[in-house]
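The structure under discussion appears below in the form of structure tokens.
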Amino acid sequence: MALSPELCKKMYTDMWRIRLFEEEANRQTSLGSVVGALHMYCGEEAVAVGVCSNLRDDDYVLGTHRSHGHCLAKGAESHRMMAELFGKATGTCGGKGGSMHIADFSLNMLGANGIVGAGIAPATGAALASKLRGTDQVSVCFFGDGAAARGTFHEGIGLGALWKLPVVYVCENNQYQQWVPRMNVAVLDSVADMAGSYAIPGVSVDGQNLVEVHEVAGEAVERARKGGGPTLIEARTYRFYGHSLGDEEQYRSSEEVDEMRTNHDPIQTFLSTMMEQGWLTEEEDTEIQNQVKDEIAEAVRFAEESPYPTPDNVTTDVLAPEQEVA
Amino acid sequence: MMRTLTFSEALREALHEEMERDETIFVIGEDVITHGGPYKVTDGIAERFPERIFETPIAEAGIMGVGVGAAMAGMNPVVEIMYMDFVTCAMDEVVNQAAKMRYMTGGQASVPMVIRLPCGVGRLLAAQHSQIMESWFMHVPGLQVVVPSTPGDAKGLLKSAIRSPDPVLFFEYKRIYTSTGEVPDGDHTIPIGQAKICREGEDATVVAIGPMVQKSLEAAVLLEDDGYDVEVVDARSLSPLDTETICESVSRTGHAVVCGEDSSFAGAASEIAAVIGENCFRDLKGPVVRVGSPHVPMPFSSELVKHVVPEVPDITEAVSRVMM
């Protein structure tokens, strides 16, 4: 999808939506309104936005435990996501999923996932469904660098490659698998190099650079849509926060984090690009940020005012309400 | 009209008929095309529905995960795991993915997937190719566990399983693939969650699972000589479990024996026995007894196997014991 000023503004806005949604969720956690694990995506916004900006509404996305960004980039509503984090009945999953399991099937966002690497084969399956139905929908699976060590990476990508399915595998290599620097436990530096095992294209891209991610993902989505099969993209990125809230981050220096926040913030990098190209004025920038701030404030208000699910919801949604048996 | 078919033929017929009826159904598994599956259940599907059968590399987690994703995206996969023992290689996909999706997404997701599991002792293949483990999956909310014992039920239950909007673990005991029985013509379906009284009796209820049903019917004939009129209930569906039919029968007869081929310890029979104990205590005239295999891995030697798999004498002995 060619870059236009309009698309760029939308992508820029989406990155701010992710950033401010999460920083607010973080704050709400410290206030005790949001409970459970919160895996912050901040710092990686260019990956979700750069990839999803190439997708149609009917394309499939499967995510990870760190998926607020994927959901928002696919178009999920921030107020229903915030309500989900609050455990409210109005949440995207009615308060049954929480941060690690947000899904919005109306957008074909088939779910974040609490198990590392567990989305890869299902994304392949969703792509198989598109092929069987004869549609040109594309599936995208996001996963972290830790997932590349799992058997599901090998099995899922292996099947996608075997059947040349319309799927794009996007590895968000944020350099750390939980509390361990990736290269302490990996042999290959680049996950993209693993694509050779499946005879599919493997591309490594600077995940802090929205324009580059958008272009690389655009080619991969186009190839998938036209029947050219899967692509493995490695977006080299960085999370500005720890693995989850409360992480003491003893495995990396504060200088390293500061350097990334200062010089490799995907939002600031893209802002500079837009300013250089004359695609955005300072006034528009302020307007966008204020608009997103309002959206997030409204999301919190909605979450706070929403009711909790009632006890009868404990036993619903285990199986379909009416079993079709004959 | 009835026809006599083998268990395998009945399953094959169900698959063919359902695939003809609904284009969203596809078959996926190891050796399902070239060999027609190890028990020939998928034979002929590749010729008739070449676009809807996928022969895979040996990758159970991948196969199961593809099934989950395709199901969430609106298809109806029928996954074949060559030997049920190998489902342990795909437990995340079954337990954390297929079973949880509807709940975690607040009812948005549906995973209409059938997982076919050839199980139990067949040819002597020892401990890694003979397991049953129905109770592992009974314990997981969001999964349905179905165990047909006759060709007629195999066809009717597989059709219902394929039409179910939720995942079904479909247990096929290898030893009864070649058994024969009557299968009704037409669109024969059997609702999941309904037990069947196979033989009526007044003195004791034998609740049986899978191949233990036929053995229980044989035991009931032998027990007539001892003056016992035994009722035999085929559980057919272990989750959901038809507690109503089971408890009604036991309350009427006052005696209960629960038979499964798997180890009784924390097995399917144990759950059924517990349900009977909770619901029928005041009607029971004796203890609820389980018949099953000892808590050991399946051995190889036939001389050892015959001391593991429960047979007719184990049932007659158990019934006699509870009647004392």
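The values are calculated or read from the model by the stated rules, or taken from the named source; none is laboratory data. Remember, it's a predicted structure, so these values are computed and weren't measured experimentally. Reconstructed Cβ throughout: ideal geometry from the backbone, glycine too, with neighbour counts over all protein chains shown. Ligands, DNA and RNA are excluded from the accessible area calculation, which covers all protein heavy atoms including side chains. Shrake-Rupley method; radii C 1.70, N 1.55, O 1.52, S 1.80 Å.
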Under the span-like rule (Cα at least 27 Å along the axis, Kyte-Doolittle mean at least 0.0), DSSP H helices of chain B: none
Whole-Å distance, taken between Cα centres, linking region A:1-68 and region B:91-147: 34 Å
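I want the antiparallel fraction of DSSP beta bridges within chain B, as a percent rounded to 5. Mind dumping the intermediate values first?
Details: 11 of 44 bridges.
Of the beta bridges lying entirely in chain B, close to 25 percent run antiparallel.
Quantify, in whole percent, the carbon and sulfur part of the accessible surface of chain B (1.4 Å probe; protein heavy atoms only).
Working: 6250 of 11780 Å².
Within chain B, the accessible surface is 53 percent carbon and sulfur.
Semi-axes of the equivalent ellipsoid of region A:259-326: what are they in whole Å, largest first, if each equals the square root of 5 times a C-alpha gyration tensor eigenvalue?
Result for region A:259-326: semi-axes of 45, 18, 14 Å.
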For the protein assembly as shown, Kirkwood radius (reciprocal of mean inverse C-alpha pair distance, Å): 26.5 Å
Relative counts (whole %) of C-alpha pair distances in region B:1-86, using bins that are 5 Å wide: 3, 15, 25, 25, 19, 9, 3, 1, 0
Percent of C-alpha pairs per 10 Å bin, region B:196-323, short to long: 14, 49, 30, 7, 0
Projected-area mean, region B:138-249, by convex hull of Cα positions, square nanometres: 7.6 nm²
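Between beta-carbons, use under 11 Å as the cut-off and find the net charge around A:D189, counting Lys and Arg +1, Asp and Glu -1. Spell out each step's value before the answer.
Numbers: positive: A:R182, A:R236; negative: A:D145, A:D193, A:E234.
Result for the local shell: -1.
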Relative contact order, percent, chain B [alpha-carbon distance under 8 Å, six or more residues apart]: 16 percent
Average beta-carbon neighbours from other chains, 10 Å sphere, peptide A:125-137: 6
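Just to be sure I understand: if you take the accessible area of chain B alone plus chain A alone and subtract the pair, with a 1.4 Å probe, what total do you get in Å², rounded to 100?
Working: alone 13480 and 14500 Å², together 24560 Å².
Using a 1.4 Å probe on protein heavy atoms, the buried area is about 3400 Å².
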Cα pair count fraction exceeding 13 Å, expressed as % - region A:38-77: 47 percent
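Any idea what % of Cα-Cα pairs in region B:152-194 are farther than 17 Å? Don't skip to the answer; put the middle values down first.
Working: 317 of 903 pairs.
Value for region B:152-194 (Cα pairs over 17 Å): 35 percent.
Quick check on region A:72-167: take the gyration tensor over C-alpha atoms, sort the square-rooted eigenvalues as a ≥ b ≥ c, and tell me if it's rounded (a/c under 1.5), prolate or oblate. Don't skip to the answer; put the middle values down first.
Values: a/c = 3.01, a/b = 1.60, b/c = 1.88.
Oblate.
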All lysines inside 23 Å of A:K164 as judged from Cα atoms, apart from same-chain residues fewer than 8 positions distant: A:K131, A:K226
Gyration tensor (alpha-carbon) shape descriptor, region B:90-166, a/c threshold 1.5: oblate
Burial ranking of peptide ranges B:76-88, B:208-220 (average Cβ count within 10 Å, highest at the top): B:208-220, B:76-88
Euclidean distance between Cα centres, region B:15-67 to region A:250-265, Å: 51 Å
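If you take the C-alpha gyration tensor of region A:127-246, multiply each eigenvalue by 5 and take the square root, what semi-axes do you get, largest first, in whole Å?
Values: eigenvalues 131, 49, 32 Å².
Semi-axes from the Cα gyration tensor: 26, 16, 13 Å.
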Overall form of region A:183-232 per C-alpha gyration tensor (a/c, 1.5; a/b vs b/c): oblate
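Grab the DSSP H runs of chain B that are 4 residues or longer, score each as -39,500 (n - 2.57), total them, divide by all residues and round the 222 nm result to the nearest 500 deg cm²/dmol.
Calculated at 222 nm, the ellipticity per residue is -9500 deg cm²/dmol.
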Quarter of Cα convex hull surface for chain B, i.e. mean projection, nm²: 16.3 nm²
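Grab the other residues whose beta carbon is less than 15 angstrom from that of B:Y177, score K and R as +1, D and E as -1, and report the net. Mind showing how you got there, number by number?
On the way: positive: B:R12, B:K40, B:R116, B:R123, B:K155, B:K174, B:R175; negative: B:E9, B:E13, B:D43, B:E80, B:D153, B:E172, B:E261.
Neighbourhood net charge equals 0.
Could you work out the Rg to Rh ratio of region B:2-184, with Rh taken as the Kirkwood radius (inverse of the mean 1/r over all Cα pairs)?
Details: Rg = 15.1 Å, Rh = 16.1 Å.
Ratio of gyration radius to Kirkwood radius for region B:2-184: 0.94.
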Dimensions in Å of chain A - Rg and Dmax from alpha carbons: 19.3, 64
Euclidean distance between Cα centres, region A:304-320 to region A:117-196, Å: 33 Å
Mean separation of Cα contacts under 8 Å (6+ apart) over length of region B:196-323, as relative contact order %: 28 percent
Cα-based reach from B:K174 at 26 Å (exclusive), listing lysines while leaving out same-chain residues under 8 positions away: B:K40, B:K155, B:K159, B:K196, B:K215, B:K306
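Accessible area, 1.4 Å probe, largest first: how do B:Y103, A:Y238 sort? Don't jump to the answer; show the numbers that get you there.
On the way: B:Y103 70, A:Y238 5 Å².
In descending accessible area the options line up as B:Y103, A:Y238.
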Computed over chain A: relative contact order in percent, which uses C-alpha pairs under 8 Å that are six or more apart: 23 percent
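For chain A, what is the mean residue ellipticity at 222 nm derived from helices alone (per DSSP H run of n ≥ 4: -39500 (n - 2.57); sum divided by total residues; nearest 500 deg cm²/dmol)?
Details: 11 runs with 142 residues, N = 326.
Counting only the DSSP helices, I get -14000 deg cm²/dmol.
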